[in-house]
Amino acid sequence: MIRPSRFLRQISRHIRREKRLSLGSFLVLAIALILIDLFWIGSINLNDQYQQILKTVRMEVFLSDSVPDSALPVMEQALLALADVSSVSFTSKEEAARILENDLGAGILEGLEENPLPRSYIIFFGRTKNLEALNALENQLVRLEGIEAIEFGRPWIQKVENIGRNIRRIGYAVGGLILCVVLLTMANTNRLTARSKSRDFFQLRLLGAGPSYLIYPFLAEGFLSAFIAAMLGWVLLFYIADQVTFSAFTIILPSLGDTLIYSILAGITGIVGAWLGIRRLLLS
Amino acid sequence: MIEFDRVDFSYSSQVLFSGLSFHLHKGQYLVLSGPARSGKSTLVQMIAGMVVPEGGDIFIDGRDLISIIKSRKELREMRRRIGGVGGIYSLLTDRTILENVALAAEIAGQPARVARKNALEACSKYRLGHVASHFPDMVSEVERRTALLARAEAGRKNLIVADAPTAGLDEKSAQYIHDRLAALRLAGVAILYLTAGKGPQKGPDQYLCFREGKLTP
């Protein structure tokens, strides 16, 4: 079994002998991986914005006039008992009229025999709820007696969710394409290297060399190139994020643990690319 | 050690071997001579397990070549016992002479330190010390071929296949290669020498010639 020190010697020997090829493929890899990093950062920050928006979501429950005032405490308890509801705020008919007049001008209800505005409860949530959860809660609420209408800004939540979903889809597609670029880059680099070394490969096989001499150094180089390219990309992005500040928002970056896992996964992609590059030569 | 028993082989409708037989014993020095396209290199490729015969049998150390080729591990182990100079055997271009000499021993599983020490000794013995740190394209042809012999010795090979090892060398250099082969033979290494000419004058135990797909004395 070949030792790691020999792997490193073989890799450094290859880089020394094939400086331009190694540097070129390393730069292409680094750029491709930085593009994935940027999409990831974009996704994290978009998701955060979405969560911030969801945090502001309130649900307003309008009561029927048939509900007597004496039943309101029971209604309030029923609302508080619902999952993730942190508090409720009651708005009487008079208060609703006052708010309407504040918003649209005094005297807007003049001439009417009685105040047509319904009583309502505003529900505040302890945890953010997405559209699906809000729909489910709405279905629960409509079953309660005395509730006339429910309002929670469904159209704009739907719009935000759609935007997020489309961005994610684009992200997956672009990420997939970039992953293909990484694989092809590794495969092509290794194929070129393997072709240039095919004579040496032949000699190694004549001497009885096994996979440890023929395959593993390529795979190790594939892993190290992609891993180091990924790590360098993160170092660069962390540095830029540290230097650049936006007054409107703060850029959220992945945790160091996540970037390490990502770099290891990039390295594994590098192994796959290296294998794709040399397998035909080895099987021939 | 090597036995060809009525081996048949043709290449592009040209019959190369027709019932070709010979036997190379342990420690024997055998010269096979024949003109160009007589099948010398094909024979070397068969011994290396790269080409299989169309008929007959080949035995390497008593094992049938076909069954050796079927197992990758056995094929590797067989190849590790064979050293070569000339023909299909050459040095790795991206390694120094010392690294090349150490290579066979490394592949055979010797620890790197031991392989390097043996390679240094072999380089010194074969007068390659002054070019040990050079790459193959920086040294002379005779030094490259000598390095292949040094590699075989450092790798403790028990068979050396020399395919026209002195082709293109001047008389003095050719004699030096012949002397080294004779010395290896004295150390108990079997040598199969293939040539289009006469081969070494002193040292070999037997001379055979390719004639009409067979080997004759």
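The values are calculated or read from the model by the stated rules, or taken from the named source; none is laboratory data. Note that the structure is predicted; figures quoted are calculated from it, not measured. All Cβ positions, glycine included, derive from the backbone under ideal geometry; neighbour counts span all protein chains shown.
Please return the ranges of helices (runs of 4 or more DSSP H) entirely within region B:26-114 where 3 or more residues are in contact with a Leu (Cβ under 6 Å, 6 or more places away or on another chain) and surrounded by 19 or more Cβ atoms within 10 Å (Cβ to Cβ).
Once the helices (runs of 4 or more DSSP H) in region B:26-114 are filtered for at least 3 residues that are in contact with a Leu (Cβ under 6 Å, 6 or more places away or on another chain) and surrounded by 19 or more Cβ atoms within 10 Å (Cβ to Cβ), what remains is B:97-107.
Answer yes or no: is there a residue in region B:206-217 that is of a type outside the set (Lys, Arg), assigned to a loop (DSSP other than H, G, I, E, B), in contact with a Lys or Arg (Cβ under 9 Å, 6 or more places away or on another chain) and under 20 Å from B:PHE4 (Cβ atoms).
Within region B:206-217, none of the residues are of a type outside the set (Lys, Arg), assigned to a loop (DSSP other than H, G, I, E, B), in contact with a Lys or Arg (Cβ under 9 Å, 6 or more places away or on another chain) and under 20 Å from B:PHE4 (Cβ atoms).
Sort out which residues of region A:84-125 are among the small types (Gly, Ala, Ser) and in contact (Cβ under 8 Å) with a residue 12 or more places away in the chain, and write them in order of number.
A:SER86, A:SER87, A:SER89, A:SER92, A:ALA96, A:ALA97, A:SER120
Residues to consider are A:SER70, A:SER92; find the one that is farther than 30 Å from A:GLY267 by Cβ and loosely packed, with under 14 Cβ neighbours inside 10 Å.
A:SER70
Which of (1) in contact with an Asp or Glu (Cβ under 9 Å, 6 or more places away or on another chain); (2) more than 27 Å from A:GLN140 (Cα to Cα); (3) among the hydrophobic types (A, V, I, L, M, F, W, C) does A:ALA106 not meet, given it meets every other one?
(1)
Only residues that are in contact (Cβ under 8 Å) with a residue 24 or more places away in the chain, surrounded by fewer than 20 Cβ atoms within 10 Å (Cβ to Cβ) and under 22 Å from A:VAL181 (Cβ atoms): list them for region A:229-259, please.
Hits for region A:229-259 are A:MET231, A:LEU232, A:LEU236, A:LEU237, A:PRO254.
If you go through region A:208-257 one residue at a time, how many are in a loop (DSSP other than H, G, I, E, B), more than 14 Å from chain B (Cβ to nearest Cβ) and not hydroxyl-bearing (Ser, Thr, Tyr)?
Residues that pass the stated criteria total 8.
Can you name every residue in region B:144-160 that is surrounded by 20 or more Cβ atoms within 10 Å (Cβ to Cβ) and over 14 Å from B:THR93 (Cβ atoms)?
B:ARG145, B:THR146, B:LEU149, B:ALA150, B:ARG151, B:ALA152, B:GLU153, B:ALA154, B:GLY155, B:LYS157, B:LEU159, B:ILE160, listed by residue number.
Can you tell me which residue in region B:115-141 is nearest to the other protein chains (Cβ to nearest Cβ), limited to those that are closer than 17 Å to B:THR93 by Cα and assigned to a loop (DSSP other than H, G, I, E, B)?
The extreme case among them is B:PHE135.
Scan region A:188-207 and tell me whether some residue there is within 14 Å of chain B (Cβ to nearest Cβ), surrounded by 20 or more Cβ atoms within 10 Å (Cβ to Cβ) and not in a helix (DSSP H, G or I).
Yes; the residues of region A:188-207 include at least one that is within 14 Å of chain B (Cβ to nearest Cβ), surrounded by 20 or more Cβ atoms within 10 Å (Cβ to Cβ) and not in a helix (DSSP H, G or I).
Quick one: B:ILE97 ticks every box in (1) within 8 Å of chain A (Cβ to nearest Cβ); (2) touching a His at 6+ places or on another chain (Cβ under 9 Å) except a single one, so which number is it?
Only one criterion in (1) within 8 Å of chain A (Cβ to nearest Cβ); (2) touching a His at 6+ places or on another chain (Cβ under 9 Å) is unmet by B:ILE97, namely (1).
If you go through region B:116-137 one residue at a time, do you hit one that is among the β-branched types (Val, Ile, Thr), modelled with pLDDT under 90 and surrounded by 16 or more Cβ atoms within 10 Å (Cβ to Cβ)?
Checking region B:116-137: not a single residue is among the β-branched types (Val, Ile, Thr), modelled with pLDDT under 90 and surrounded by 16 or more Cβ atoms within 10 Å (Cβ to Cβ).
Given the criterion in contact (Cβ under 8 Å) with a residue 12 or more places away in the chain and within 30 Å of A:ASP48 (Cβ to Cβ), identify the matching residue among A:LEU134, A:LEU80.
Answer to the check: A:LEU134.
Taking region A:33-65 as the search range and keeping residues that are crowded, with 18+ Cβ neighbours inside 10 Å and more than 18 Å from the chain's Cα centre (by Cα), which one is nearest to the other protein chains (Cβ to nearest Cβ)?
So the residue we want is A:VAL57.
Residues that are within 28 Å of the chain's Cα centre (by Cα), in a loop (DSSP other than H, G, I, E, B), away from chain B (no Cβ under 14 Å) and of a type outside the set (Val, Ile, Thr): does region A:160-181 have at least one?
So far as region A:160-181 goes, no, none of its residues is within 28 Å of the chain's Cα centre (by Cα), in a loop (DSSP other than H, G, I, E, B), away from chain B (no Cβ under 14 Å) and of a type outside the set (Val, Ile, Thr).
Answer with yes or no whether B:GLY197 is more than 13 Å from the chain's Cα centre (by Cα), surrounded by fewer than 18 Cβ atoms within 10 Å (Cβ to Cβ) and within 19 Å of B:ALA105 (Cβ to Cβ).
no
B:ARG63 fails exactly one of the following numbered conditions: (1) basic (Lys, Arg); (2) touching a residue at least 40 places away in the same chain (Cβ under 8 Å); (3) away from every other protein chain (no Cβ under 11 Å). What is the number of that condition?
Only one criterion is unmet by B:ARG63, namely (2).
Cβ-Cβ below 6 Å, separation at least six or inter-chain, first residue in region B:15-28 and within 15 Å of B:TYR207 (Cβ to Cβ), second of a type in the set (Ser, Thr, Tyr) and buried (at least 21 other Cβ atoms within 10 Å of the Cβ): which pairs?
Listed pairs, sorted by first residue: none to list.
Does A:SER212 qualify as being closer than 13 Å to A:MET186 by Cβ and of a type outside the set (A, V, I, L, M, F, W, C)?
Spelling it out, it is not the case that A:SER212 is closer than 13 Å to A:MET186 by Cβ and of a type outside the set (A, V, I, L, M, F, W, C).
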